[in-house]
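*Asks:* Structure below; questions to follow.
The values are calculated or read from the model by the stated rules, or taken from the named source; none is laboratory data. Values in this document were obtained by computation on a predicted structure and should not be read as measured data. Here Cβ is always computed from backbone atoms with ideal geometry, including for glycine, and neighbour counts include all displayed protein chains. Surface accessibility is based on the protein's heavy atoms, side chains included, excluding ligands, DNA and RNA. Shrake-Rupley method; radii C 1.70, N 1.55, O 1.52, S 1.80 Å.
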Amino acid sequence: MEMLEIHMISLNRGYKITDNERSKKYGIGSNSLQMLKNKAKLKFPPQTLFVVAGPETIITTDGEFQFEQLKQRSPLLRVADIVHDFMEQHPDKFLKMVSDYEKLKKPKLDHSKAHLSLKSEDSEWFLGLEERCHTKEEALSRRAQDRVRGYYYKTKDELTRNVIYRQNLKARRLIDAILEKFRYLLIGCDYFSMIFDRECNRKHEFLQKQLGDETDARGVVPSKKLKQIIKNYTLKNQILDEWTVSLCSNLGDFYCQGPFSDSTNNCSLNHTINPYASRENLILFQVWNLDHQIELSRTILPALLENVRSLITAPKRLCDIHKRQLIDVSVLEYFLEIFSLKNLKLVHIVCHEKVQRTNKSNGRLLCEQCHEYQIVQELMDVQVDKEAPNF
């Protein structure tokens, strides 16, 4: 029996139906359950089971489903779940285990193969990785992308689970538009693949202070047409340049940026690791975290939702600067806080402080005269123009 998920999208009996694998999705209108069933039969097989999502009902969302699929494909995310559960249940024991292991292994670690890149040169390093990864740089780039995609799915899941998304059509459309803009920006920066890529020629300012000037490698250029169009636009406007940088040296050395409580990016314990050096280091690198300085679930997403709610409930509010009607949230600012190194610090697990923080999101509401709104809107318009068919 095939299971379909139905989302009521408006008061005038609009519905979306999809199969459990999300292979197809249709929007249909109906004024009765029988009409809904009849129309669905034209799209899907008989004996279909319908699941109706009421205002308070929690069902599997697209983001949740996609994240689970990603977890099945990515050993990294499955290991991260196991490690996270153990950390939550036995934090002191876990930290002691990591520290003891590093003290034991540090004198014995072999970095003689750190400079090697190809699978044919260091086949042991690639054990358990995806077959399509042929270089160490490609494998680490994919791991960076997996982490950033995880933030996207988490963001999508939390926003679409919210009551205002489920009950208010205007809010739903606004949030869907925000998620689409996030997706375009992520495509433009290749899901920040460069942050773990030692071949990226732009280095984080923190790393430059550690190493001095060390730039002699090439950058990453997306290959698909859509990626290239967005990439060209983001480069032209320099809206992501500061944050599309690498966190490691040309050899692959990463340095802990220290705990949240230390704003100087200084790790007093001098944690460092080179996941390019050995498979053992690659595994250990999984417990190094990208720590949101402004917290994602506790601060950024609630602030975003509050601004969406404000646009819906007070549509006549004016921009303090331009005295024009507010029409959107600051998508770019929220994007940088959720996905970029503007708000993310790479930290060793020992330096990842699990404390509630008081810093606030810088996201706000924008009018059509705000520069940030114009930049993002132009990006979206560029995609429509470039990708439109020729008649």
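*Asks:* When you scan region 254-262, do you find a residue that is surrounded by fewer than 21 Cβ atoms within 10 Å (Cβ to Cβ) and either assigned to a helix (DSSP H, G or I) or in contact with a Lys or Arg (Cβ under 6 Å, 6 or more places away or on another chain) (or both), even just one?
*Replies:* no
*Asks:* Do any helices (runs of 4 or more DSSP H) entirely within region 104-204 hold 1 or more residues that are over 30 Å from R309 (Cα atoms), and if so, which?
*Replies:* Per the criteria, 136-161.
*Asks:* Regarding region 236-250, can at least one residue be identified that is of a type in the set (K, R), surrounded by fewer than 20 Cβ atoms within 10 Å (Cβ to Cβ) and without any contact (Cβ under 8 Å) to a residue 60 or more places away in the chain?
*Replies:* Among the residues of region 236-250, at least one is of a type in the set (K, R), surrounded by fewer than 20 Cβ atoms within 10 Å (Cβ to Cβ) and without any contact (Cβ under 8 Å) to a residue 60 or more places away in the chain, which makes the answer yes.
*Asks:* Continuing with the same structure: If the requirement is being of a type in the set (V, I, T) and either over 19 Å from T244 (Cβ atoms) or open to solvent by 80 Å² or more (accessible area, probe 1.4 Å) (or both), which of these qualifies: V308, V376, V331?
*Replies:* V308
*Asks:* Return a yes/no flag: does region 210-218 have any residue that is part of a loop (DSSP other than H, G, I, E, B) and at pLDDT 85 or above.
*Replies:* Scanning region 210-218 turns up no residue that is part of a loop (DSSP other than H, G, I, E, B) and at pLDDT 85 or above.
*Asks:* Considering only residues that are of a type in the set (D, E) and over 14 Å from the mean Cα position of the chain (by Cα), look in region 131-152 and name the one that is surrounded by the most Cβ atoms within 10 Å (Cβ to Cβ).
*Replies:* Result: E137.
*Asks:* Provide a single number: the residues in region 344-372 that are assigned to a helix (DSSP H, G or I) and closer than 29 Å to L247 by Cα.
*Replies:* Count: 4.
*Asks:* Can I ask one more? In the list D176, D197, which residue meets the criterion of being charged (D, E, K, R) and open to solvent by less than 20 Å² (accessible area, probe 1.4 Å)?
*Replies:* When all the criteria are applied, what remains is D197.
*Asks:* Which of (1) within 23 Å of A177 (Cα to Cα); (2) surrounded by 15 or more Cβ atoms within 10 Å (Cβ to Cβ); (3) touching a residue at least 60 places away in the same chain (Cβ under 8 Å) is the odd one out, the single condition L365 does not satisfy?
*Replies:* Checking L365 against (1) within 23 Å of A177 (Cα to Cα); (2) surrounded by 15 or more Cβ atoms within 10 Å (Cβ to Cβ); (3) touching a residue at least 60 places away in the same chain (Cβ under 8 Å), the one that fails is (3).
*Asks:* Here is a further query. Quick one: which of V347, V376, V329 is closer than 22 Å to Y191 by Cβ and in contact with a Cys (Cβ under 6 Å, 6 or more places away or on another chain)?
*Replies:* Just a single option satisfies the conditions, and that option is V347.
*Asks:* Take the residues of region 266-282 that are surrounded by fewer than 18 Cβ atoms within 10 Å (Cβ to Cβ) and in contact (Cβ under 8 Å) with a residue 24 or more places away in the chain: which is farthest from A144 (Cα to Cα)?
*Replies:* Checking each candidate, the answer is L269.
*Asks:* If you don't mind, there's one more thing I want to ask. Sort through L341, L290, L326, L336 and tell me the only one that's touching a residue at least 12 places away in the same chain (Cβ under 8 Å), open to solvent by less than 20 Å² (accessible area, probe 1.4 Å) and in a loop (DSSP other than H, G, I, E, B).
*Replies:* L341
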